[in-house]
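First up is the structure itself, then whatever we jot down about it.
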Amino acid sequence: MITALQILVAWLLDRLLGEPRRAHPLVGFGRLAARIERAVYGGNGVSPSQRRLRGLLGWALAVMPFVLLAALLQRLPAPLAQAVGVALLYLALGGRSLREHGLAVVRALGRGDLALARRRVGYMVSRETVSLDAEGVRRATVESILENGNDAVFGALFWFALAGIPGVVLYRLANTLDAMWGYRNERYRHFGTFAARADDLLNWFPARLTGLAYGLAGRTRQALRCWRAQAPDWEGINPGVVMAAGAGALGLRLGGPARYHGIRIERPALGCGETVAGGDAIERALALLDRAQGLVLAAILTGGLFLA
């Protein structure tokens, strides 16, 4: 029950306060990871296998000291350890930030400022946004809300519930390194292999929890049908589950072509039903995320009462 209450308090703090505006620990971690990358990456003569080993070493140097520190923090006297756990889980959550980014796009589109909308959605996605039309901006925003609902909310909640402070620290730092190193471009194709695989492993169960939560919070049968039929065609073992289920739950058609680093990628279709050409698709995606969070929190609190 204590863990369930910690989760509830941390979630409420994120909902009320959002991410710290200054000196967020993950910003400092990103700078540290960049320095470690420069130190261990190596020169042009490094072989692919050696580059992968260097990526593993960089990942371990960046992540494991903080996981060990987290394990020590969890051994503090109970009240202090519980307070530290709430604080670290709050810092790992990004639900309010995701909502703020989504609503900023809505406001820009509402004013007819497509250039601003492109710029705002560019804060949320890694694809190119400069040539997106209004429908493309809406589609990218909805996809980001669905996918990042897993990374910014459900994954952190799952690992805190399962493994406490070390679990949420491991998850959030691994997720951050995947966002930095997990690309299949020339620089990171080999160096980022371990970062990408670690994130895949840590997100395997949370992604399926997220897909189920989206389904239960929306059009359940349609979400599950899209999950089964479409997720296997999506690149990566986890994003397709989350976005196919979310698109099905919303009754929207997502996916399709997108440009990444100057290359047009033909992505499979996701979901079914309406396009995102107009209307309130972004607001609907945010509402689905809210309902899914409510279901997961209710399940955690119910489980805490049952196990108390």
query = Looking only at residues in segment 257-281 that are closer than 13 Å to residue 240 by Cα and small (Gly, Ala, Ser), which one is surrounded by the fewest Cβ atoms within 10 Å (Cβ to Cβ)?
reply = 269
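Would you mind stating whether residue 152 is under 13 Å from the mean Cα position of the chain (by Cα), closer than 30 Å to residue 65 by Cα and in a helix (DSSP H, G or I)?
Yes.
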note = Residues in segment 141-180 that are within 20 Å of residue 260 (Cβ to Cβ), surrounded by fewer than 24 Cβ atoms within 10 Å (Cβ to Cβ) and not polar (S, T, N, Q) total 4
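Go through segment 36-46 and count every residue that is surrounded by 13 or more Cβ atoms within 10 Å (Cβ to Cβ) and outside any loop (DSSP other than H, G, I, E, B).
Residues of segment 36-46 surrounded by 13 or more Cβ atoms within 10 Å (Cβ to Cβ): 36-37, 40-42, 46.
This time we only want the ones that are outside any loop (DSSP other than H, G, I, E, B), so: 36-37, 40.
Count: 3.
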task = Give the residues of segment 214-264 that are aliphatic (A, V, I, L, M), in contact (Cβ under 8 Å) with a residue 40 or more places away in the chain and in contact with a strand residue (DSSP E or B) (Cβ under 9 Å, 6 or more places away or on another chain), sorted by residue number.
result = 243, 247, 250, 252, 254, 258
task = Output yes when any residue across segment 83-102 is within 15 Å of residue 172 (Cβ to Cβ), part of a loop (DSSP other than H, G, I, E, B) and in contact (Cβ under 8 Å) with a residue 40 or more places away in the chain, and no when none is.
result = yes
inquiry  = Of all residues being more than 18 Å from residue 286 (Cα to Cα) and basic (Lys, Arg) in segment 223-256, which is surrounded by the fewest Cβ atoms within 10 Å (Cβ to Cβ)? Just the residue, please.
reply    = 228
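Residue by residue, here is whether (1) part of a loop (DSSP other than H, G, I, E, B); (2) under 21 Å from residue 98 (Cα atoms); (3) modelled with pLDDT of 85 or more holds:
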site	(1), (2), (3)
254	no, yes, yes
279	yes, yes, no
282	no, yes, yes
285	no, yes, yes
288	no, yes, yes
295	no, yes, yes
299	no, no, yes
302	no, no, yes
306	no, no, no
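Could we say that residue 51 is surrounded by 16 or more Cβ atoms within 10 Å (Cβ to Cβ) and more than 30 Å from residue 301 (Cβ to Cβ) here?
Working: surrounded by 16 or more Cβ atoms within 10 Å (Cβ to Cβ): yes; more than 30 Å from residue 301 (Cβ to Cβ): yes.
Yes, satisfied.
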message = Can you tell me which residue is farthest from the chain's Cα centre (by Cα) among those in segment 1-46 that are under 17 Å from residue 180 (Cβ atoms) and of a type in the set (Phe, Trp, Tyr)?
response = 41
ask   = So which of 174, 140 is small (Gly, Ala, Ser), part of a helix (DSSP H, G or I) and closer than 23 Å to residue 286 by Cα?
value = 140
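The values are calculated or read from the model by the stated rules, or taken from the named source; none is laboratory data. Model, not experiment: these values are computed from the prediction. Glycine also receives a Cβ, built like all others from the backbone with ideal geometry; neighbour counts cover every protein chain displayed.
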